[in-house]
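The values are calculated or read from the model by the stated rules, or taken from the named source; none is laboratory data. Values in this document were obtained by computation on a predicted structure and should not be read as measured data. Here Cβ is always computed from backbone atoms with ideal geometry, including for glycine, and neighbour counts include all displayed protein chains.
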Amino acid sequence: MEWVTPLRTLHGIDELRAWRVWGSSGESFDFEFRDSEWVDYGDGRVACDVTQVYRLKETGDFAYERTRRVELTIRDGRVRRYELHFTG
């Protein structure tokens, strides 16, 4: 498994687990995700745009939102590569 973002590339589930614990920002925000339709590019590659909406946990007030493009490469029924692109 490879997890690719503009800030870092992680290899394997152990690196991903270690980063998720260290990089957690969920203490102050509730998250909502809105995704578009998945597009199949063939050869095991699919992609969609995802809008992440952040709300303050204490009040539920809107904090901010951002849009990202998620691209997956799937082999043998498993996600082998997750790639995240900043789009807005």
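Results, tabulated for the structure shown:
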| item | result |
| --- | --- |
| Residues of the range 33-48 satisfying the condition of being in a loop (DSSP other than H, G, I, E, B) and closer than 15 Å to VAL79 by Cα | TRP38, ASP43, GLY44 |
| Filter result (touching a residue at least 24 places away in the same chain (Cβ under 8 Å), touching an Asp or Glu at 6+ places or on another chain (Cβ under 6 Å) and assigned to a strand (DSSP E or B)) within the range 54-88 | ARG55, GLU71, ARG81, GLU83 |
| Residue list for the range 33-48, restricted to those being touching a residue at least 12 places away in the same chain (Cβ under 8 Å) and within 26 Å of TYR64 (Cα to Cα) | PHE33, ARG34, ASP35, SER36, ALA47, CYS48 |
| Subset tally (residues that are over 15 Å from LEU10 (Cα atoms) and either out of contact with any strand residue (DSSP E or B) (no Cβ under 9 Å at 6 or more places or on another chain) or acidic (Asp, Glu) (or both)) for the range 72-84 | 3 |
| Residue under evaluation THR51, criteria (1) part of a strand (DSSP E or B); (2) under 20 Å from ASP30 (Cα atoms); (3) in contact (Cβ under 8 Å) with a residue 24 or more places away in the chain, criterion not met | (3) |
| Among residues of the range 42-88, those that are touching a Lys or Arg at 6+ places or on another chain (Cβ under 8 Å), hydroxyl-bearing (Ser, Thr, Tyr) and closer than 14 Å to VAL4 by Cα, counted | 1 |
| In the range 2-16, residue farthest from GLU83 (Cα to Cα) [restricted to those that are in a strand (DSSP E or B) and touching a residue at least 12 places away in the same chain (Cβ under 8 Å)] | GLU2 |
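Quick grid of which residues meet (1) modelled with pLDDT under 90; (2) small (Gly, Ala, Ser):
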| residue | (1), (2) |
| --- | --- |
| TRP22 | yes, no |
| GLY42 | no, yes |
| TYR54 | no, no |
| ASP76 | no, no |
| TYR82 | no, no |
